[in-house]
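One structure is given here, and the rest of the page talks about it.
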Amino acid sequence: DAADPLSSPATGFDFAVFDNGDAATDPLQLCVGFSTDLGVAAVDYAIRDVFAQRLPVLSQCFGASTPIDIDLSETTEVFKILRAASMAASYGALVAQKAGDIGPNVLSNVRDADRYSLLDAARANAAHTRIYRRFQALFDEIDVLICPATAVTPFPLEQNHPDTINGAPLEGYFAWVAITSALSLTGCPVVTLPCGLDHAGMPFGIQLVGRPHGDLALLKTAYWLEKALVQQGLGRVVPSL
């Protein structure tokens, strides 16, 4: 989108007509890296165990595999600051006029912006660049990264968000999604795939992370892996309604 200063040049490829039959990427030529928590996310012990149980199946789908030791802990504060700035820009005027009609999540995000200074924003942007470059360097050693898609098993619809993970309290309503929000700061394409059921009999998913601008290659890899997981009995589970 030429109107978006942060978008990338169009490749001319129409992803809407992506031909799955043309998935030419050979997974046996790829090296996959695994991370349980990206060095930042609180992940339920049971979800960690389920992910560990899936690793042998996932590993055999690729030519090589390796555990990845990465520290994305810096993303926590950076995400808070950049999100607060974005939400204030989008909804600040509305909150000023109709705060009583705004939900608690948006309201807290907009008001968070009052706690930060221009210097905080500058530091967050500098840190964002460091995070991007550090994460990019992973792909000197691997072709795709796999981690859990969520930190907890699905919870009741009436519950806004988990308050704790592994007994530790969470700060803010989006702290439980650090396993995904951290990746939002890396500039990398991400695909989520179903991967069977978890310890509670609920759907379990994984995230595949590709190189920056490597959307097509990641889609091809995800397509092949999804078929392989189905053959292993780890495909999407259709609920009986």
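Each reported figure results from applying straightforward, stated rules to the coordinates on display, with no laboratory input. Note that this is a predicted model, so its numbers are computed, not measured. Positions of Cβ are generated from backbone atoms using ideal geometry, with glycine treated the same way; all protein chains shown enter the neighbour counts.
Amide H contacts of L197 (H built 1.01 Å from N, in plane; Pro and chain starts excluded): F204 sit under 5 Å, all sequence-distant by 5 or more or on other chains. Summing +1 for each Lys or Arg and -1 for each Asp or Glu among the other residues whose beta-carbon sits under 15 angstrom from that of V110 gives +2.
Full extension of the chain between S8 and D71 gives 20.0 nm of extra length, using 0.36 nm per residue less the Cα-Cα distance.
Packing, as the average of other Cβ atoms within 10 Å across residues, places the peptides 90-96, 60-66 in the order 60-66, 90-96, highest first. From the square roots a ≥ b ≥ c of the eigenvalues of the alpha-carbon gyration tensor of region 101-187, which class results: rounded (a/c under 1.5), prolate (a/b over b/c), or oblate? Oblate.
Charge tally for C61 (other residues, Cβ to Cβ under 14 Å; Lys, Arg +1; Asp, Glu -1): 0.
Taking the fewest neighbouring Cβ atoms within 10 Å as the starting point, the ordered list for I179, I165 is I165, I179. Between N166 and Q232, the FRET efficiency from the beta-carbon distance, with R0 = 25 Å, is close to 0.30. Straight Cα distances below 24 angstrom link K80 to the lysines K98, with same-chain residues fewer than 8 positions distant left out.
Give me the percent relative contact order of region 22-231, please, defined on Cα pairs under 8 angstrom at least 6 residues apart.
After rounding, I find 28 percent.
Along the chain, the exposed loop sites are GluC sites (Glu not before Pro) outside DSSP states H, G, I, E and B with at most 14 other Cβ atoms within 10 Å, and the longest stretch free of them is 1-140.
Rounded to the nearest 5, what % of DSSP beta bridges with both residues in the chain are antiparallel?
Rounded to the nearest five, the antiparallel share is 65 percent.
Suppose only helical runs count, i.e. DSSP H with n ≥ 4. What mean residue ellipticity at 222 nm does that imply for the chain under -39500 (n - 2.57) per run, divided by all residues and rounded to the nearest 500 deg cm²/dmol?
Only helices count here, giving -12500 deg cm²/dmol.
Order by neighbour count: H128, H161, fewest other Cβ atoms within 10 Å first, most last.
Taking fewest neighbouring Cβ atoms as first place, the list is H161, H128.
Between R115 and L55, the modelled label-to-label distance comes to 3.5 nm, taking each label 7 Å out from Cα in the direction of the beta carbon.
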